[in-house]
Number of protein chains: 4
Amino acid sequence: MSLTRPAGEFAALLDNLRDFIDNEVIPCEDLANAHDGEATQRIAAALQVSAKARGLGAPRMAIPEGGLGLSWEECCAFLEQAGRSFLGPVTLQCAPPGQPDVAALDKLASPAQRQRYLAPLVRGDKRSCFAMTEPAPGAGSDPRMLATTARRVDDGWVIDGHKWFITGGMRADFAIVVARTDGGVSWLIVDKGTPGFEVVRDVPTMEPFDTGGHAEIIFRNCKVGPDALVGEEGKGLDYAQLRLEGARLFHCMRFIGLASRAMTIAQEYAGRRESNGVRLAEHQMVQSMVADAHIDLYAARLMTLDVARMLDAGQSIRHHSSMAKVFVSEAVNRVADSAVQICGALGVSEDLPVSMILRVLRPFRIYDGASEVHRSAIAKRALRHGLSA
Amino acid sequence: MSLTRPAGEFAALLDNLRDFIDNEVIPCEDLANAHDGEATQRIAAALQVSAKARGLGAPRMAIPEGGLGLSWEECCAFLEQAGRSFLGPVTLQCAPPGQPDVAALDKLASPAQRQRYLAPLVRGDKRSCFAMTEPAPGAGSDPRMLATTARRVDDGWVIDGHKWFITGGMRADFAIVVARTDGGVSWLIVDKGTPGFEVVRDVPTMEPFDTGGHAEIIFRNCKVGPDALVGEEGKGLDYAQLRLEGARLFHCMRFIGLASRAMTIAQEYAGRRESNGVRLAEHQMVQSMVADAHIDLYAARLMTLDVARMLDAGQSIRHHSSMAKVFVSEAVNRVADSAVQICGALGVSEDLPVSMILRVLRPFRIYDGASEVHRSAIAKRALRHGLSA
Amino acid sequence: MSLTRPAGEFAALLDNLRDFIDNEVIPCEDLANAHDGEATQRIAAALQVSAKARGLGAPRMAIPEGGLGLSWEECCAFLEQAGRSFLGPVTLQCAPPGQPDVAALDKLASPAQRQRYLAPLVRGDKRSCFAMTEPAPGAGSDPRMLATTARRVDDGWVIDGHKWFITGGMRADFAIVVARTDGGVSWLIVDKGTPGFEVVRDVPTMEPFDTGGHAEIIFRNCKVGPDALVGEEGKGLDYAQLRLEGARLFHCMRFIGLASRAMTIAQEYAGRRESNGVRLAEHQMVQSMVADAHIDLYAARLMTLDVARMLDAGQSIRHHSSMAKVFVSEAVNRVADSAVQICGALGVSEDLPVSMILRVLRPFRIYDGASEVHRSAIAKRALRHGLSA
Amino acid sequence: MSLTRPAGEFAALLDNLRDFIDNEVIPCEDLANAHDGEATQRIAAALQVSAKARGLGAPRMAIPEGGLGLSWEECCAFLEQAGRSFLGPVTLQCAPPGQPDVAALDKLASPAQRQRYLAPLVRGDKRSCFAMTEPAPGAGSDPRMLATTARRVDDGWVIDGHKWFITGGMRADFAIVVARTDGGVSWLIVDKGTPGFEVVRDVPTMEPFDTGGHAEIIFRNCKVGPDALVGEEGKGLDYAQLRLEGARLFHCMRFIGLASRAMTIAQEYAGRRESNGVRLAEHQMVQSMVADAHIDLYAARLMTLDVARMLDAGQSIRHHSSMAKVFVSEAVNRVADSAVQICGALGVSEDLPVSMILRVLRPFRIYDGASEVHRSAIAKRALRHGLSA
């Protein structure tokens, strides 16, 4: 809990948010057009106006810069509420890639970059994307395979490379490009429209309610100025790691909200639907799924909160955020899968959002480090340093 | 194995089918338009022509009636091949609801019904649907809650009721309607266009490549003649049970093919994609998923085959088909989920079909009796009759 | 954290305990005689003397009464350390049934009962048992089936009934007997040696290092005085519920320690044993088990700690302690099972304690409410009160 | 099915066996003394006499040599029946290591070895052990790490090495020793009592009803004659692989029987024990465990039978026996674990055999190739040869 904020103030903020999500955002979810990114974006834009009018906005950003100035711990409750709707995070500037890009630029951007990129990003006037992932044989789950290069020239850098699956890339005003330079791996900002920055296509995915797409982008002899470098040359992989750690914690928070919503829908269904003469709620096999969902999300919240407090305390979260990410990503999938199962045919229909929730959550076991990559890293650390389980 | 068919002949049929699926059907899968039922249907219709030209068609139907006359055991291999493509079963008249309706009418139809409904169904000239499921509080997983009625009048029956999630209903030329009559639960055939037979809408689902939809249908004072009755009055629930037992075995067969294809794609990907300096195929966590897929499908095939042989031998499959259905439906989901995971971001993209395969397979844990319903039935039978595990 | 205790003091206590467990208790574990309750008891008695000399003792009991006066939160760390050895909890008066009986009597005992039973229990001079469970058709997982009766007579009570699986009953100096009275279900204390209190036998179990056994006890016309009643008549089921809630939290704490030790042994083994040219630690399938153990115990500790804090804050833990109990009991089983698997043949041998740890942990999925009973209770509460997961 | 044996004859044999197991063997299981190998051995010896009187004996061995001459397929049913009792396989000469040693010697032994070792082994007059496993850093899960050597001298071989976990070694009359020779890895028979053949101790394990122990054996300058060599020099690893393939199939068969028995006991308990006003059998969470046990063992039997038929047909079972071993070993563990859970406190007590069954089954996930080793081998084969799942 932030030490300086009166407890009542944060509670009121949460009430405001809950009301907004329940009464404005969720009613705007258009399941029948969930596959239409353009339509979704228009709805989100309208909701952003309402959010601002309610004083709701980017949760982690400092108040003078237009954010709510929440601690990481406070973000847990905020993001969970926001995350209950497909449209909540994008409406409140806490969806990826915007939120982690804001966090990263807040630490790394030069004064000029702050003014040109960070400020409009926080206000919601510009959109970013983080161009790291590459198609095989480039950087996928292993960032050391990075193939994109940025060659230094007299008056800047020339970028060449092939990026893929760049979340938000279809609608981004600028990209933070991760590329090899002489000094190692570095970050460079490239504005949309720069010659040689070609958005090839949107890679379609199983996720509904996607507003920014997952772009395939080619950089061909793409020239940027010397001020395009973000932070220090050669520190790009460290920066990416730090960006990811915060990003995946935000995912955990908001996806707990989405999974919780799926189970709430399933519980309501189980409470009214009968089978074999009794309500589904009285069937123990349904109860078993309900109980496991409560247990899973109880653990998921505690782990997310624990890592958030570590961040607030300035501690390294590398090990613990990996553990939380693996657990939460798999837990929310189990919960959403059970919600679908409890709702039966209605669950696989799109009359209810539960199967769409499952489709939004499934990729999280892969994004930001697949479970397998994290498990291996967790274990190697434990085995190397003799950490007790 | 059919006792009368030369082994070589069936092997040649399978080779023909495999060639057809690999070289004609799979290349026609249009992932980018998988959500467009009309487009999918047009493609399937064209493929049906090719299939007929190759001598491929409804596998279980007797040869004089236009089918291939395969035994249930032979169908296992045939359907698995056909099932490797999203479009295979519908192309080969072995997709639901057509296949089980053919099987049911072959046993129950009067001579007039055979001529008017069964024959064109086998030829692919007409399409059917099986109108049993109802919205709450009607018949869902518990058929005894059936609310639709068919009142006998002088010259036939008058049907009133609300059906929902009727697979294939959007494109069906006639419906087999399950309704309460004075004599119990009965089956009646209703032609599309009959006054009072109103297809309200297509219930959208998470499944791509759906050609016939899942219709919501209302029968309001819908009058049919005395010859609409299928089989005997009052035996509708028994008929439905028998229809389902065969239907779910066909699902098992074809979905094993689809899951196997997903893992084959994943294995190919793992064989070429590198991470941390070695191919994914050398990572034990990937190997673990691959091995489990092989084990799961090995068991799935053996169970499906065992039940098929019981059907060929004229034995009751009620207990064993329930066990096979639970195992196979869950196994193919695990396999497809692992295939998505192995393929990483590419796996959740729609550049590959694996996430679509997962979306086709997920509902099978619910359709034709949810896992929970079957588990309860299996256990009750075991406990009541003292069957050893 | 206790508000009154200096942080350094508690840390020193933990260091003292860790040193005691590592250097005195674990070296005394005699795996070859783990099945000999008498021998184990002799070892534990000797260790108790050392513990007292180090100032270590009953953690929860108030300091003036001879305990350490730890908060529930502090107990989490204390019990985890103590629990790393099979012999730790019994040595430190925090094994069942003593610890929960102390806690219950501390709340319910009359002044005379405090002096006669509680004080010697805290000092380790007497041993108790809690006689509630009955053989079928009596009270097992459902306490409402309680069949034992206590009939009021002029000068006290006459108890008749059959108890079974009474932990610690083989060595107890007195029993707290749960019985039906006119006023409902009540608690009565019965001294060993009271006529009609017959310890029939020790029910053998899969658990090694068992010091007090699981007694089968018959009460036949067993006469006790009016002062045998504990607390109020008719409140026995509520008392039992409260006793259990604390007891199962103590189990969670100490079994986390035991499971953690099993995995530490497995990690050490994996770090030195080679297979296929590399150390087991480098095999991803081993890493996967190690990582899951770390994740499982991370979540287990957080849930246990959260419930402990609720107890310290005077909140009801009924719902949350059920969730923690289910999760922790299953998590520690997974961890111990993986430790066995990693250690291979050595893991199933009794040269290492890991298979014995598994055997100690397995019953915890049943004791103090089987997972199924808790899952049903959790879900019913959630469904009835509309609690979100 | 054996082509030459009348079906009725085999059915009669099975009836005979079932009667023997139910009415003679199971009643002799002395749970209270299950840890006493000597006592168990005495009981087994007495039962062997009864078995012979009934015409029951070594199932796979040819009839002229004193066996029953069953096909592998027939062994599935025979071993499952025998396996229902802890004492069945040892009584019927089909427990390891005897059974696979008989099978191996039947293929490899010289005429002199047949007479001296094989014949008395089949009759039950002698006992063998297979000395391959070594303590770290020798041959554990990876046989290529074999450290024991057999140096050729003028008149035979001199063996030096350290063996460990040699099943049956405490009671064996001779050992088949796997050792490195100049020509590769070879097998040599060593009689008990040969100078330099020292049985150091019995490695204790979690398994009850163990008759032959798991010996630690040291060979120091142990001299054997030239006729000690079994089969050809240098083929020891291939022989070991073949021996293991058959051995693990036998394990599968008999452990299916043991797991089935555990669940039968649990079903009977669930049918009579009440909780919350209804019998356990009516609780869906219990039904779920019962159903899964039936499904698991249905699949387990089909896989075992399929591999047995492959053996009868002379096909290589390397790939399929690995798949069956992984599935069956894990399935029987799940089933036994559920049986314990259903029986509650009685399940962890030793009043019932279910927790002992769990303890016998747990090591099977490690013995004869740990699940991880098989999974890796299965996947590598699939990935290398492009086998579809």
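The values are calculated or read from the model by the stated rules, or taken from the named source; none is laboratory data. Owing to the predicted nature of the structure, the values given are computational and were not obtained by experimental measurement. In this analysis, Cβ positions are derived from the backbone assuming ideal geometry, glycine residues included, and neighbour counts consider all displayed protein chains.
Descriptive notes on the structure:
- Any hit, segment B:222-235, residues being in a loop (DSSP other than H, G, I, E, B), in contact with a Pro (Cβ under 9 Å, 6 or more places away or on another chain) and not assigned by TED's automatic domain parsing to the domain that holds residue B:374: no
- When residue A:103 is tested against (1) surrounded by fewer than 22 Cβ atoms within 10 Å (Cβ to Cβ); (2) touching a residue at least 40 places away in the same chain (Cβ under 8 Å); (3) more than 30 Å from residue A:26 (Cβ to Cβ), only condition (3) is not met.
- The conditions of being farther than 24 Å from residue D:207 by Cβ, part of a helix (DSSP H, G or I) and not assigned by TED's automatic domain parsing to the domain that holds residue C:32 are met by residue C:331.
- Listed conditions (1) assigned by TED's automatic domain parsing to the domain that holds residue A:327; (2) β-branched (Val, Ile, Thr); (3) touching an Asp or Glu at 6+ places or on another chain (Cβ under 8 Å) are all met by residue A:218, apart from (1).
- Criterion (buried (at least 21 other Cβ atoms within 10 Å of the Cβ) and more than 12 Å from the chain's Cα centre (by Cα)) met by exactly one of B:85, B:50: B:85
- Among the residues here, residue D:241 qualifies as more than 18 Å from residue D:295 (Cβ to Cβ) and either in a helix (DSSP H, G or I) or outside the structural domain of residue D:167 (by TED's automatic domain parsing) (or both).
- Flag if residue D:313 is surrounded by 24 or more Cβ atoms within 10 Å (Cβ to Cβ), modelled with pLDDT of 95 or more and not assigned by TED's automatic domain parsing to the domain that holds residue D:207: no
- Residues located in segment B:355-378, provided they are in contact (Cβ under 8 Å) with a residue 24 or more places away in the chain, part of a helix (DSSP H, G or I) and more than 12 Å from chain D (Cβ to nearest Cβ): B:356, B:357, B:358, B:359, B:360, B:361, B:362, B:363, B:364, B:365
- Test set (1) farther than 28 Å from residue C:265 by Cα; (2) hydrophobic (A, V, I, L, M, F, W, C); (3) at pLDDT 90 or above; (4) surrounded by fewer than 15 Cβ atoms within 10 Å (Cβ to Cβ) - residue C:7 fails condition number: (3)
- Any chance residue B:286 is aliphatic (A, V, I, L, M), surrounded by fewer than 23 Cβ atoms within 10 Å (Cβ to Cβ) and without any contact (Cβ under 8 Å) to a residue 60 or more places away in the chain: no
- Screening C:207, C:198 for residues that are within 14 Å of chain D (Cβ to nearest Cβ) and either within 29 Å of residue C:355 (Cα to Cα) or free of Cβ contacts under 8 Å to residues at least 60 places away in the same chain (or both) leaves exactly one candidate, C:207.
- Evaluation of residue D:208 against (1) assigned to a strand (DSSP E or B); (2) surrounded by fewer than 23 Cβ atoms within 10 Å (Cβ to Cβ) (one fails), failing number: (1)
- Residue in segment B:301-312 that is of a type outside the set (D, E, K, R), under 17 Å from residue B:84 (Cα atoms) and touching a residue at least 12 places away in the same chain (Cβ under 8 Å) present: yes
- Residue satisfying condition, being of a type outside the set (Ser, Thr, Tyr) and within 17 Å of residue A:80 (Cα to Cα), within set A:324, A:281, A:339, A:270: A:324
- Restricting segment C:320-352 to residues that are surrounded by fewer than 24 Cβ atoms within 10 Å (Cβ to Cβ) and more than 10 Å from every other protein chain (Cβ to nearest Cβ), the residue that is nearest to the chain's Cα centre (by Cα): C:334
- Within segment D:258-285, being within 13 Å of chain A (Cβ to nearest Cβ) and part of a strand (DSSP E or B) holds for D:275, D:278.
- Check on residue D:389, facing another protein chain (nearest Cβ under 7 Å), over 30 Å from residue B:264 (Cβ atoms) and free of Cβ contacts under 8 Å to residues at least 24 places away in the same chain: no
- Odd one out for residue C:352, checked against (1) free of Cβ contacts under 8 Å to residues at least 12 places away in the same chain; (2) in a loop (DSSP other than H, G, I, E, B); (3) of a type in the set (A, V, I, L, M): (1)
- Residue satisfying condition, being within 14 Å of chain A (Cβ to nearest Cβ) and either over 16 Å from residue B:215 (Cβ atoms) or out of contact with any helix residue (DSSP H, G or I) (no Cβ under 9 Å at 6 or more places or on another chain) (or both), within set B:149, B:133, B:167: B:167
- Set side by side, the residues C:80, C:73, C:65, C:38 differ, and just one is closer than 29 Å to residue C:349 by Cα, in contact (Cβ under 8 Å) with a residue 24 or more places away in the chain and not aliphatic (A, V, I, L, M), which is C:80.
- Taken over segment D:123-152, the criterion of being among the aliphatic types (A, V, I, L, M) and surrounded by fewer than 23 Cβ atoms within 10 Å (Cβ to Cβ) is satisfied by D:136, D:145, D:146, D:147.
- Among the residues making up segment C:27-45, those that are within 14 Å of chain D (Cβ to nearest Cβ) and part of a helix (DSSP H, G or I) are C:31, C:32, C:33, C:37.
- Given (1) more than 10 Å from every other protein chain (Cβ to nearest Cβ); (2) in a helix (DSSP H, G or I); (3) under 29 Å from residue C:263 (Cβ atoms), index of the condition residue A:316 fails: (2)
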